[in-house]
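To start, the structure itself, in structure tokens.
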Amino acid sequence: MGSVDGIDPLECALGPHAEAAEVATRGQLQQVEPLDTCDLNTGEAAECLASTGLAFSLGEDDERSTTLDVTPVTHLTLSGADGVGVLGLDDVIVCAELLKDLLGRPQEAEKHYNEVLRIDPNDKQVHCNLARLLTDHLNRHSEAEAHFKQALQLDWEYAEAHVNFGLLLTEMLARHQEAETHFKEALKLTPDDLDTHFNLAELLTDHLSKHQEAEEHYHTALELHPDDFDTHFNLAHLLSTHMERHAEAEHHLREAMRIEP
């Protein structure tokens, strides 16, 4: 069988692409209702942080980015119901996101998520965002699991919690059958979610040896997004390595190379 120019024959050499491997689970745990820092109005960020006592100045690096020059502040002063009442719980959540995503201070963000949960322990979004922070930034996976479970106890039909918990179970805890359950629960709620089909297919291929089912999810992902490089590449790897369907594998590899030459 022929090969793509510059690429060894699939049956001999197709292995996980470096880039595809990196994004096999779409990089990181999904953010639950994220703060869009790309479109963030820095004036609004300044107003939010100033209202909490965080002093800082804005400086333009170039036309593409704005940096925050933060003066040393140990933490937001939010202790007591009065302080939270002045800001409002939503304001505290936004400031926690700013501390985590813009300022790189996850320990402080954790304090403010916990302060919100002290006032409102039934906020499923905060449980999920705190679980993500504990996973991504603080490597405290058992605590993250507890918060994902609490979010799902509050609302079993919370698709984002199923997805994020599935990623934690796959990547950090190696509890693959449980991860499969949560990905499938998420797909019942959001059947057109490309990333969840992709992540489930990756799990089924790499850890559960359910290759036919994995192929079905890759094909569904391609129906949703025909020009997704990672899906074509991983499907090619599955077909060649695990199913010995080399001609089909080459087709998908050629498609991947067409999308990202």
Test set (1) of a type outside the set (V, I, T); (2) over 29 Å from D192 (Cα atoms); (3) modelled with pLDDT under 90; (4) part of a helix (DSSP H, G or I) - L103 fails condition number: (4)
Odd one out for N122, checked against (1) surrounded by 15 or more Cβ atoms within 10 Å (Cβ to Cβ); (2) modelled with pLDDT of 95 or more: (1)
For N199, work out the one condition from (1) crowded, with 24+ Cβ neighbours inside 10 Å; (2) within 25 Å of L103 (Cα to Cα); (3) not hydrophobic (A, V, I, L, M, F, W, C) it doesn't fulfil. (2)
All-but-one check, R132 against (1) modelled with pLDDT of 90 or more; (2) surrounded by fewer than 19 Cβ atoms within 10 Å (Cβ to Cβ); (3) among the basic types (K, R), failing number (2)
If you scan segment 241-259, which residues turn out to be over 19 Å from N199 (Cβ atoms) and without any contact (Cβ under 8 Å) to a residue 40 or more places away in the chain? M243, R245, E248, H251, E255, R258, I259
Out of L204, L238, I need the residue that is without any contact (Cβ under 8 Å) to a residue 60 or more places away in the chain, more than 30 Å from Q153 (Cβ to Cβ), out of contact with any Gly (no Cβ under 6 Å at 6 or more places or on another chain) and part of a helix (DSSP H, G or I). Which one? L238
Could you check S209 against (1) modelled with pLDDT of 95 or more; (2) outside any helix (DSSP H, G or I); (3) more than 20 Å from E171 (Cβ to Cβ) and say which number it fails? (3)
Going through A174, A151 one at a time, which residue ends up being in a loop (DSSP other than H, G, I, E, B), modelled with pLDDT of 95 or more and within 18 Å of the chain's Cα centre (by Cα)? A174
Conditions (1) of a type in the set (S, T, Y); (2) under 17 Å from H207 (Cα atoms); (3) crowded, with 17+ Cβ neighbours inside 10 Å; number of the one not met by Y158: (2)
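The values are calculated or read from the model by the stated rules, or taken from the named source; none is laboratory data. In this text the structure is predicted, and so the values were computed from the model without any measurement. Don't worry about glycine lacking a Cβ; one is built from the backbone with ideal geometry, like all the others, and counts go over all protein chains shown.
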